[in-house]
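The structure under discussion appears below in the form of structure tokens.
The values are calculated or read from the model by the stated rules, or taken from the named source; none is laboratory data. Keep in mind it's a predicted model, so treat the numbers as computed, not measured. With ideal geometry, Cβ positions are generated from the backbone for all residues, glycine too; neighbour counts draw on all protein chains shown.
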């Protein structure tokens, strides 16, 4: 079996590859990444890494499964990075879909929960991600593309980015806590989010790799927290800064049959994770 991960040197991709190496020790695993946010330090022994962009996927040998994570993936910076967003997500992903069609490969796509609750037009990022889901569904109807669409909900855990414009909320709070700084909260902090641990995401992705249902999967812990509550778990010292453009007020939890069909459930809990982090045992 030949498995390709786009964005394989990034956060989700590298965690998935590590588990794939265990689950399928005889599989040929290839990563393509342009290292926009990916890191060489995320490389895993026994994997072929190619520094290239998704729109050059035709240069890669034929694959059986493609996990496509190599897209631009931040809401607020997407207003400034719109040209790059359009190139990587609209053009790059369209090339990935067409190559999967030519290979007759199964596509597993990382969609974004930011589109739910009438939120898809709030930012360039959420709009583009929703359009890519539409395109994947059309490719299924037009060409019989084998595809599984996975919605992520604020993934946190090992190797998440902890600073800068592309950092995750939990990662940034961890870094600020470690550095003895006040935790910065955009707006009033009453906005709520669902958080899902990377280990739970990866275990679901492995199971989805064995599915042939061509459906949408919601990989969610189904527990939402206000940003104020999350900050309080770390520290009492907070600093409120300007509200972020394009951010939705609340996450929308979608009821689905994901857990039943995959025989999967989230085993990691955010409050326990933060407690272990503060105790140095995460």
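For the reader, a short list of remarks on this structure follows.
- Test: residue in segment 116-133 that is assigned to a strand (DSSP E or B), modelled with pLDDT of 95 or more, under 25 Å from residue 15 (Cα atoms) and in contact with a helix residue (DSSP H, G or I) (Cβ under 9 Å, 6 or more places away or on another chain): no
- Segment 97-131, residues that are free of Cβ contacts under 8 Å to residues at least 60 places away in the same chain, crowded, with 21+ Cβ neighbours inside 10 Å and under 16 Å from the mean Cα position of the chain (by Cα): 107, 109, 112, 115, 128, 129
- Contact map, segment 152-168: first residue on the phi > 0 side of the Ramachandran plot and in contact (Cβ under 8 Å) with a residue 12 or more places away in the chain, second residue surrounded by 15 or more Cβ atoms within 10 Å (Cβ to Cβ) and part of a loop (DSSP other than H, G, I, E, B), Cβ cut-off under 8 Å, separation 6 or more or different chains; pairs are 154/168; 154/195; 154/251; 157/268.
- Looking at 40, 12, just one residue is at pLDDT 95 or above, within 20 Å of the chain's Cα centre (by Cα), closer than 25 Å to residue 154 by Cα and buried (at least 20 other Cβ atoms within 10 Å of the Cβ), and that residue is 12.
- Residue tally, condition in a helix (DSSP H, G or I) and either within 27 Å of residue 191 (Cβ to Cβ) or out of contact with any helix residue (DSSP H, G or I) (no Cβ under 8 Å at 6 or more places or on another chain) (or both), over segment 134-152: 6
- Within segment 16-37, the residues that satisfy the criterion of being more than 21 Å from residue 96 (Cα to Cα) and in contact with a helix residue (DSSP H, G or I) (Cβ under 6 Å, 6 or more places away or on another chain) are 19, 23.
- Single condition residue 248 does not satisfy, out of (1) touching a helix residue (DSSP H, G or I) at 6+ places or on another chain (Cβ under 7 Å); (2) at pLDDT 95 or above: (2)
- The one condition from (1) more than 30 Å from residue 141 (Cβ to Cβ); (2) in contact (Cβ under 8 Å) with a residue 24 or more places away in the chain that residue 256 does not meet is (1).
- Residue among 259, 232, 255, 237 that alone is out of contact with any helix residue (DSSP H, G or I) (no Cβ under 8 Å at 6 or more places or on another chain), at negative phi and surrounded by 16 or more Cβ atoms within 10 Å (Cβ to Cβ): 259
- Condition met for residue 53 (at pLDDT 95 or above, surrounded by fewer than 23 Cβ atoms within 10 Å (Cβ to Cβ), within 24 Å of residue 135 (Cα to Cα) and within 19 Å of the chain's Cα centre (by Cα)): yes
- Within segment 193-227, the set of residues being more than 18 Å from the chain's Cα centre (by Cα) and buried (at least 16 other Cβ atoms within 10 Å of the Cβ) comprises 214, 225, 226, 227.
- Residues in segment 157-182 that are surrounded by 18 or more Cβ atoms within 10 Å (Cβ to Cβ) and within 12 Å of residue 277 (Cα to Cα): 157, 170, 171, 173, 174, 177.
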